[in-house]
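Engineer: Got a structure for you, questions after.
The values are calculated or read from the model by the stated rules, or taken from the named source; none is laboratory data. Just so you know, these numbers come straight off a predicted model, no measurement behind them. Here the Cβ positions follow ideal geometry from the backbone for every residue, glycine too, while neighbour counts run over all protein chains shown.
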Amino acid sequence: MTSEPVTLHLTVGLPGSGKTTLARDLATRTGALRLTPDEWMQPLFGVSDVDGKRDVLEGRLIWTGFRALRGGLSVILDFGCWSPEERWAIRDLAGLAGADFRLHHLWVDEEVRRARCDARWLEVPHETFPMSAADQDRYLAACIPPSADELAYAPIPDPPAGHETWAAWAAWRWPSLPRLDLS
């Protein structure tokens, strides 16, 4: 394990891009707590999402991660986080917890990524879920890669209209996440 400041690591990318592989490696090297929704959704519900329960689960995992950061333990949120708003909110929450933030954006060629997803379903179905070509197309269309500002750790912009803080936006986005702003 390395000695690094308390850090919130966020993996960003589509299924099959290598997020969980990186998250597992980071956890091994740093001793950070790794929180991966797929490892909870599949055993609990047998699918990747069911009636919005993934958002509820992610909110509780973020809350758990926040509490761990406040207690001095680094955390890896192995989420994907396809929208800039999700990423800005999580980065802001890391700051509220007094932790550093590291964004790990993973990208691989689309053909390779889809082949990895298919292979993972065949090799370890208990860790994933089947993804059709239509699912993959929908995921690709929904994912907004991090901007140059995000990757350069530019100052966090103002939260979206209607939300006083990023923590308030996060509590709206992830319904089970209590409002965590401590300012």
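Engineer: For the structure I just gave you, tell me whether residue 36 is touching a Leu at 6+ places or on another chain (Cβ under 7 Å), within 25 Å of residue 115 (Cβ to Cβ) and β-branched (Val, Ile, Thr).
Structural biologist: So residue 36 fails the test.
Engineer: If you scan region 31-45, which residues turn out to be within 16 Å of residue 59 (Cα to Cα) and either charged (D, E, K, R) or assigned to a helix (DSSP H, G or I) (or both)?
Structural biologist: Correct list: 34, 38, 39, 40, 41, 44.
Engineer: Consider region 64-97. How many of its residues are closer than 16 Å to residue 23 by Cα and surrounded by fewer than 18 Cβ atoms within 10 Å (Cβ to Cβ)?
Structural biologist: Residues in region 64-97 being closer than 16 Å to residue 23 by Cα and surrounded by fewer than 18 Cβ atoms within 10 Å (Cβ to Cβ): 1 in total.
Engineer: Taking region 149-183, which residues are in contact (Cβ under 8 Å) with a residue 60 or more places away in the chain, closer than 18 Å to residue 69 by Cα and of a type in the set (D, E, K, R)?
Structural biologist: 181
Engineer: So how many residues does region 91-125 have that are acidic (Asp, Glu) and in contact (Cβ under 8 Å) with a residue 24 or more places away in the chain?
Structural biologist: Number satisfying all stated conditions: 3.
Engineer: Considering (1) surrounded by 15 or more Cβ atoms within 10 Å (Cβ to Cβ); (2) among the charged types (D, E, K, R); (3) over 16 Å from residue 167 (Cα atoms), say which one residue 4 fails and leave the rest.
Structural biologist: With respect to (1) surrounded by 15 or more Cβ atoms within 10 Å (Cβ to Cβ); (2) among the charged types (D, E, K, R); (3) over 16 Å from residue 167 (Cα atoms), residue 4 is out only on (1).
Engineer: Related question: Would you confirm whether or not region 81-88 contains a residue that is under 21 Å from residue 152 (Cα atoms), hydrophobic (A, V, I, L, M, F, W, C), modelled with pLDDT of 90 or more and part of a helix (DSSP H, G or I)?
Structural biologist: Checked against the condition, which is being under 21 Å from residue 152 (Cα atoms), hydrophobic (A, V, I, L, M, F, W, C), modelled with pLDDT of 90 or more and part of a helix (DSSP H, G or I), region 81-88 yields at least one hit.
Engineer: Right, next: Check 49, 100 and return the single one that is at pLDDT 95 or above and within 25 Å of residue 160 (Cβ to Cβ).
Structural biologist: Exactly one residue qualifies, and that residue is 100.
Engineer: Related question: Let me spell it out: the conditions are (1) free of Cβ contacts under 8 Å to residues at least 60 places away in the same chain; (2) under 18 Å from residue 101 (Cβ atoms), and residue 10 meets all of them except one. Which number is the exception?
Structural biologist: Looking at each condition in turn, residue 10 falls short on (1).
Engineer: Using the structure shown, decide if residue 28 is modelled with pLDDT of 90 or more and not in a helix (DSSP H, G or I).
Structural biologist: Criteria not met by residue 28.
Engineer: On the given criteria, is residue 14 assigned to a loop (DSSP other than H, G, I, E, B) and of a type in the set (A, V, I, L, M)?
Structural biologist: yes
Engineer: Return the residue satisfying two criteria in turn: it lies in region 7-41 and is among the charged types (D, E, K, R) and out of contact with any Asp or Glu (no Cβ under 8 Å at 6 or more places or on another chain), and of such residues it is surrounded by the fewest Cβ atoms within 10 Å (Cβ to Cβ).
Structural biologist: 29
Engineer: Test residue 88 against the stated conditions and say whether it is in contact (Cβ under 8 Å) with a residue 60 or more places away in the chain, at negative phi and aromatic (Phe, Trp, Tyr).
Structural biologist: yes
Engineer: Name, by its number, the condition in (1) outside any loop (DSSP other than H, G, I, E, B); (2) of a type in the set (A, V, I, L, M, F, W, C); (3) more than 27 Å from residue 148 (Cα to Cα) that does not hold for residue 73.
Structural biologist: (1)
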